[in-house]
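Each value in this text was obtained by applying a stated rule to the coordinates, not by laboratory testing. Bear in mind the structure is a predicted one, so any value in this text is a computation, not a measurement. Cβ placement follows ideal geometry from the backbone for every residue including glycine, while neighbour counts extend to all protein chains displayed.
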Amino acid sequence: MSRIAGVALFLCLAIGMPAQDRQEPPKVVKINDSVFMAPLGANVYLVKTPAGNVVIDTGIADQAPEARKLLGAENQAAVKYIILTHGHADHIGGIDLWKEPGTQIIAQRNYVELVNYVSRLEGFFVPRNAAAFNRTPVPVGPWAGNFGAKIDPTVLFDETYKFSLGGVEFELFSTPGETPDHLTVWLPASKIAFIGDNYNGFGEPEPMSFPNLFALRGTKPRWALDWVRSIDKVLALKPEIVLSGHGDPIVGNAEITRKLTRYRDAIQYVHDETVKGMNAGKDVFTLMQEIKLPAKFDLTESFGKVSWTVRGIYDGYAGWYDMKPSNMYDSPASSVYPDLVRLAGGPEPLVRLALEKIEAGKPVEGLHLTDVVLASDRNNRAALDARLKALEYLREHTENYLESGFLDYGIRAAKEKLGVK
Ligand SMILES: [Zn+2]
């Protein structure tokens, strides 16, 4: 399976869609005599000790039985601990299946707010996830809102938590990055670090992708400097094996250092350039256009996109006000779109211009023009046709998996209105 397909698989599974493109059945991966990995959409790890087992991440709910089966031969003793590297659905979906009477479940303290926030905004997230990942029909509410999530962990810690089981030392560190509750599990004796999604093997073996510092489906800021510091914390351990939430193990300290350093430096670079531009008085769109990853990083944008990261950092620091007085008020620019259509003498010249823009390789400008027309006549066929062309152009020219998902959503919506397949 290609890595892009792998990303697709993970994301689809993360929201409960069936696996469709898996070509060969996954096999359990033996990391050493006591550490085993179920390499599914999100990896599940089992650490055996003479006094019982420790499960690190429980995977996607739909895949949990498969993970348990894969690890079954090794899981002959009681599961004493479950450790959650973070609270995303693709890592906590199998908790109920792995939990036994007396199992301790450990997470970093920010886990509680993370899962509550996702639950609190269920009505916001469910349709957006469905839209992005082609999940039809789109679920409709009513959504409860403001109700707390189920909190499974029995142990919550702030900075570090250590325990020993059957003579094996486990050291847990807070390493915020993709989420504020991210933690790293360190096994000092075997020099293995489990780092969750603070490193994603998407795009590997090479070239790999820049990380996803801003999720279009909706996310709180993923603080770049936290992420950088967390990677430094992992590097300082001098691990010999790094095991992440998605993708293959990274083996050997030299290779780990090469990959994690490149990842860290790319995040730091985009952060620093954004800050430099903000201090120079540049607006967010200028910086989205200007900031490019230098070739030395050799990272694609198949998963995370640099321009979205720039905007995420900018807005994360500055909030929504862009110093334009018109944007202080509740009347958006689109409130005058119908007037512009009238002044243009109707939709036709605007649609014509949109098509010219698309033809000239400026599909986003074409899209903006269709927004103007559709604001006053949302079923205008010529504008919908032009919109479809712009979206299909963009879809054809992107390698980014997440962008593709949202473009597909736009394409489906336009086709639906046009009554075409
Ligand atoms: Zn994940």
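Quick notes on this structure:
- Distance between the 7 Å Cα→Cβ label points at SER326 and THR136: 3.7 nm.
- Length released on extending from ASP248 to ARG378, taking residue separation times 0.36 nm less the Cα-Cα span: 42.1 nm
- The chain: relative contact order as a whole-number percent, Cα under 8 Å and 6+ apart: 11 percent
- Farthest positive-ward along the chain dipole, Cα basis, beta-carbon charges - from VAL126, THR370, SER34: THR370
- Principal axis dimensions, the range 328-394 - Cα atoms, whole angstrom, descending: 34, 27, 19
- Less than 5 angstrom separates the built amide H of THR300 from those of MET208, SER209, PHE210, all sequence-distant by 5 or more or on a different chain.
- Counted charge near MET278, where neighbours are those whose Cβ lies closer than 14 Å (Asp, Glu -1; Lys, Arg +1): -3
- The chain, helix-only ellipticity at 222 nm - DSSP H runs n ≥ 4, -39,500 (n - 2.57), divided by all residues, nearest 500: -13000 deg cm²/dmol
- The residues neighbouring ARG262, those whose beta-carbon lies less than 9 Å from its own, together hold a net charge of +2 under the Lys/Arg +1, Asp/Glu -1 convention.
- Other-chain or far-sequence residues with amide H under 5 Å of TYR199's (modelled H): GLY245
- Among residues other than GLY94 with Cβ under 12 Å from its Cβ, the summed charge is -3 (Lys and Arg +1, Asp and Glu -1).
- Measuring against 23 Å, Cα to Cα, the residue pairs LYS69/LYS233; LYS30/LYS191; LYS324/LYS389; LYS150/LYS233; LYS27/LYS48 contain LYS69/LYS233; LYS324/LYS389; LYS150/LYS233 as the ones spanning a longer distance.
- Loop-located GluC sites (Glu not before Pro) across the range 113-199 with a Cβ neighbour count of 11 or fewer within 10 Å are GLU159, with loop assigned by DSSP.
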